[in-house]
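Chemist: Below: one structure in structure tokens.
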Amino acid sequence: MHQALLSKRRLADFVSYLVSGHKLVAPVPLQDGHFKFDEVHSLDEISLKYIPTILPPKKYFMPQRSSLLRYDLSKIHEMEEIVELEQLVLFGVHTCDLAGIHCLNIVFSDHPKDPHYLARNNFITIIGLECNDYCDSSAGCAMLHTHLPKGGYDLFLTELSDSYYIHINTQKGEDMVDESSLFDDVTRAAEGELNLLRSRKRELFTSEVPIRYQDIPRLFEETFDSDVWSQLGEKCLSCGNCTAVCPTCFCFDIVDEPELDLSKGERLRVWDSCQNEAFATVAGGENFRRKRMDRQRHRFHRKFKYLMDRYGRLFCTGCGRCSRSCMAGINLKRTISALIEERG
Amino acid sequence: MTRPKVAFFDFSCCEGCQLQVANIGETLLDILNLVELVEFREVMSEKWSGRYTVTFAEGSINNEESAQKLRMLRDRSDILVAYGSCAATGGVIGMQNRISRDNLISTVYGDQWGGEETRTVRAIHQVVKVDYTLYGCPINPAEFLSLLKAILCGISWRASDNAVCVECKFNENVCMYDRGATCLGPITRGGCNSWCVNNGNVCYGCRGMVDNPNRAGAEDVLLTHGLKPELIAAKMEMYTGALEAGNVK
């Protein structure tokens, strides 16, 4: 069985089933129309309609601060590796964020593999949720080809009129469907409804900027010296919002934190950002990207050029978080449009 | 092994930063296992006449008597820490550098003035060499502990030069700009774990700006949110007025 149906009136029971087994995290409302992924205990706490959360689900795969090892200076050769593991079910993950997790998987599986990330990844179950419409005007998912499900989940829910169409992608997903006994077989009517929805989506979601996916890296290559970058540099406050909220930004710093007895302590991984002034500063005080313009250009090239060269896919998911969180009004889609316009 | 000798002193300030340590709770007992507290007016009456391993100096310097005492502390201390906003950037006291003395005295004291002579306000590093700086009004106890442990372990420590927004995003707060408020987080030096925003308040910039702020860009953002240029300047300089005064060393 690779598809199933879940009646809408049984969704609350399914959430209860999930809660009975493991910690469940899902989008919950915050103030002023914002959302975050947080622990929930029942369906009524969950926002099924939400714009991308302030932080993407990456916070569960590589937390803002996480311990890597514990040391004891009295036994200097006996450092103990720490992986803070917790069985977790992520519920309601949109396709843009599934793409973000996929990007992180690629990076942390590359040589040298990151055991902390990969161990955590094994403990996380992902239940996706389809966007039937655009979340808001910041989204660029059609341009980045992330508006339709392409794997990366255990279960994936698509809302139909009176049920959810369920794609089952893994053994873990199949076990949940079997064990909860809440699911029905797919009907021909449901199939028809899903097909109709998908064809409507193909019309509704069209590239938000007039450029083809495969042409984007060349655009960035050809506009490296564009004035657009100096304009961004004048606006940018280097606050680091764009990178913190990005589902594919993964840069981190390593810090040692002694305990109060001073002999024991922990080594931590803490999120860092190429937008922070000190990020590219090396011994001797040289800074490879001293100017804000250089740092903004670097961020965009990481998304649209450098990692495409290395991994063969764009590292922007079109979620729109960087544009939403920039108080200086730096907007990803407008920046790409400006580059297209300038290149002619 | 003798424990490092630690002392706290204050100049022009409210002493609230020292209170942060006095109120630190049980952790204070752990700290006292590591260091010998030799002078700390808020919690003890003993004095010390020898060398200090680490001196935490709170407050700004605004007369020659204070400057002389600070120089004496510098001479007698292996490590001198500028402790809290007033010591680090001059703090709110620095605002008086922009106001004429007569105006200042008549506003505050009316015709009751008969106090001590105060002059230009300076942060501690404008008078003597400082080894470490703890920013904040008040200082953040976790950051104080982090510095103290680093000094005692002999590992390097630097105050954060990231914007407050960095930690604010770690904490996944809804941005104050999205809540209809303005906030100095984007150009203010972090390290406070976005303490104010976590508790529903905006950032007032108490730690001063990051080393290289995009001040013009930040002014543009505040202008588009309806603030008048005078208010923007007043907000940005509330804690940093003293930094415009030259150094005396």
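Chemist: Output the number of residues of the stretch B:6-29 satisfying the condition of being touching a Gly at 6+ places or on another chain (Cβ under 7 Å) and either assigned to a strand (DSSP E or B) or of a type in the set (Gly, Ala, Ser) (or both).
Modeler: 2
Chemist: While we're on this one: For the stretch A:320-327, check the following and say yes or no: at least one residue is touching a Pro at 6+ places or on another chain (Cβ under 8 Å) and outside any loop (DSSP other than H, G, I, E, B).
Modeler: yes
Chemist: Which condition number does B:GLU42 fail, the rest of (1) surrounded by 15 or more Cβ atoms within 10 Å (Cβ to Cβ); (2) within 19 Å of B:GLY16 (Cβ to Cβ) being met?
Modeler: Checking B:GLU42 against (1) surrounded by 15 or more Cβ atoms within 10 Å (Cβ to Cβ); (2) within 19 Å of B:GLY16 (Cβ to Cβ), the one that fails is (1).
Chemist: How about the stretch A:1-112: which helices (runs of 4 or more DSSP H) wholly inside it have at least 2 residues that are away from every other protein chain (no Cβ under 14 Å)?
Modeler: Passing ranges, in order: A:11-21, A:95-109.
Chemist: Any idea which of B:LEU70, B:LEU19 is crowded, with 19+ Cβ neighbours inside 10 Å and touching a residue at least 24 places away in the same chain (Cβ under 8 Å)?
Modeler: Result: B:LEU70 is the single residue among B:LEU70, B:LEU19 that is crowded, with 19+ Cβ neighbours inside 10 Å and touching a residue at least 24 places away in the same chain (Cβ under 8 Å).
Chemist: Could you list all residues from the stretch B:195-209 that are under 13 Å from B:TYR239 (Cα atoms) and within 14 Å of chain A (Cβ to nearest Cβ)?
Modeler: B:CYS203, B:GLY205, B:MET209
Chemist: How about the stretch B:102-148: which of its residues are farther than 23 Å from B:ASN162 by Cα, among the small types (Gly, Ala, Ser) and part of a loop (DSSP other than H, G, I, E, B)?
Modeler: B:GLY110, B:GLY114, B:GLY115
Chemist: Here is a follow-up. Considering every residue within the stretch B:193-206, establish whether at least one is of a type outside the set (Asp, Glu), within 30 Å of A:LYS58 (Cα to Cα) and in contact with a strand residue (DSSP E or B) (Cβ under 6 Å, 6 or more places away or on another chain).
Modeler: Scanning the stretch B:193-206 turns up at least one residue that is of a type outside the set (Asp, Glu), within 30 Å of A:LYS58 (Cα to Cα) and in contact with a strand residue (DSSP E or B) (Cβ under 6 Å, 6 or more places away or on another chain).
Chemist: Working only within the stretch A:251-284, note down all residues that are closer than 18 Å to B:ASN162 by Cα and touching a helix residue (DSSP H, G or I) at 6+ places or on another chain (Cβ under 6 Å).
Modeler: Passing the criteria: A:SER273, A:CYS274, A:GLN275.
Chemist: Continuing with the same structure: State the number of residues belonging to the stretch A:249-275 that are in a strand (DSSP E or B), more than 9 Å from every other protein chain (Cβ to nearest Cβ) and surrounded by 13 or more Cβ atoms within 10 Å (Cβ to Cβ).
Modeler: Result for the stretch A:249-275: 8.
Chemist: In the stretch A:204-215, is there at least one residue being away from chain B (no Cβ under 14 Å), farther than 23 Å from A:ASP133 by Cα and surrounded by fewer than 12 Cβ atoms within 10 Å (Cβ to Cβ)?
Modeler: Within the stretch A:204-215, one or more residues are away from chain B (no Cβ under 14 Å), farther than 23 Å from A:ASP133 by Cα and surrounded by fewer than 12 Cβ atoms within 10 Å (Cβ to Cβ).
Chemist: Here's a follow-up. Considering only the stretch A:276-298, state which residues are within 11 Å of another protein chain (Cβ to nearest Cβ) and small (Gly, Ala, Ser).
Modeler: A:ALA278, the sole residue that qualifies.
Chemist: Residue pairs, Cβ under 8 Å, 6 or more apart or interchain, first in the stretch B:211-236 and more than 27 Å from A:ARG290 (Cα to Cα) and within 9 Å of chain A (Cβ to nearest Cβ), second crowded, with 17+ Cβ neighbours inside 10 Å and of a type outside the set (A, V, I, L, M, F, W, C). List them.
Modeler: B:HIS225/B:TYR177; B:HIS225/B:THR182
Chemist: A:LYS305 passes all but one of (1) without any contact (Cβ under 8 Å) to a residue 60 or more places away in the chain; (2) more than 10 Å from chain B (Cβ to nearest Cβ); (3) of a type in the set (D, E, K, R); which number fails?
Modeler: Unmet for A:LYS305, out of (1) without any contact (Cβ under 8 Å) to a residue 60 or more places away in the chain; (2) more than 10 Å from chain B (Cβ to nearest Cβ); (3) of a type in the set (D, E, K, R): (1).
Chemist: Sticking with this one: Please indicate, with yes or no, whether at least one residue in the stretch A:143-157 is surrounded by 14 or more Cβ atoms within 10 Å (Cβ to Cβ) and basic (Lys, Arg).
Modeler: No, the stretch A:143-157 has no match at all.
Chemist: Of everything in the stretch A:43-81, what is touching a residue at least 12 places away in the same chain (Cβ under 8 Å) and of a type in the set (Lys, Arg)? Give them in sequence order.
Modeler: A:LYS58, A:LYS59, A:ARG65, A:ARG70
Chemist: Taking the residues in the stretch A:52-97 that are polar (S, T, N, Q) and within 22 Å of the chain's Cα centre (by Cα) as candidates, determine which candidate is surrounded by the most Cβ atoms within 10 Å (Cβ to Cβ).
Modeler: Here the answer is A:THR53.
Chemist: Also, quick follow-up: Given the options B:GLY190, B:GLY185, name the one that is at the interface with another protein chain (Cβ under 10 Å from one of its Cβ atoms), touching a Cys at 6+ places or on another chain (Cβ under 6 Å) and crowded, with 17+ Cβ neighbours inside 10 Å.
Modeler: Every option except B:GLY185 fails the conditions.
Chemist: Moving on. Return the pair list, or none, for Cβ contacts closer than 6 Å from residues in the stretch B:189-210 that are outside the structural domain of B:THR89 (by TED's automatic domain parsing) to residues that are among the polar types (S, T, N, Q) and in a helix (DSSP H, G or I), at least 6 apart or on different chains.
Modeler: Close Cβ pairs (under 6 Å, with a partner that is among the polar types (S, T, N, Q) and in a helix (DSSP H, G or I)) amount to B:CYS206/B:SER85; B:GLY208/B:THR89.
Chemist: When the stretch A:228-243 is examined, which residues are found to be within 7 Å of another protein chain (Cβ to nearest Cβ) and either in contact with a strand residue (DSSP E or B) (Cβ under 7 Å, 6 or more places away or on another chain) or touching a residue at least 60 places away in the same chain (Cβ under 8 Å) (or both)?
Modeler: A:LYS235, A:CYS236, A:LEU237, A:SER238, A:CYS239, A:GLY240, A:ASN241
Chemist: Go through the stretch B:145-172 and report how many residues are free of Cβ contacts under 8 Å to residues at least 40 places away in the same chain and within 8 Å of chain A (Cβ to nearest Cβ).
Modeler: 10
Chemist: So, in the stretch B:1-42, exactly how many residues are among the charged types (D, E, K, R) and farther than 19 Å from B:LEU152 by Cβ?
Modeler: 4
Chemist: For the stretch A:286-331, give me each residue that is within 16 Å of A:THR248 (Cα to Cα), touching a Phe, Trp or Tyr at 6+ places or on another chain (Cβ under 8 Å) and not charged (D, E, K, R).
Modeler: Residues satisfying the conditions are A:GLN296, A:PHE300, A:HIS301, A:PHE304, A:LEU307, A:MET308, A:LEU314, A:PHE315, A:CYS316.
Chemist: Output the number of residues of the stretch A:309-323 satisfying the condition of being over 19 Å from A:GLY233 (Cβ atoms) and surrounded by fewer than 22 Cβ atoms within 10 Å (Cβ to Cβ).
Modeler: Qualifying residue count for the region: 5.
Per-residue answers, yes or no, for (1) at pLDDT 95 or above; (2) more than 20 Å from B:PRO138 (Cβ to Cβ); (3) part of a strand (DSSP E or B); (4) under 23 Å from the mean Cα position of the chain (by Cα):
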residue	(1), (2), (3), (4)
B:ILE31	no, no, no, yes
B:GLU42	no, no, no, yes
B:GLY50	yes, yes, no, no
B:THR53	yes, yes, yes, yes
B:PHE56	yes, no, yes, yes
B:GLU65	no, yes, no, yes
B:GLN68	yes, yes, no, yes
B:ARG71	yes, yes, no, yes
B:ARG74	yes, yes, no, yes
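The values are calculated or read from the model by the stated rules, or taken from the named source; none is laboratory data. Treat the numbers as computed from the prediction; the structure is a model and nothing was measured. Every residue, glycine as well, gets a Cβ built from its backbone with ideal geometry; the counts of neighbours run over all protein chains shown.
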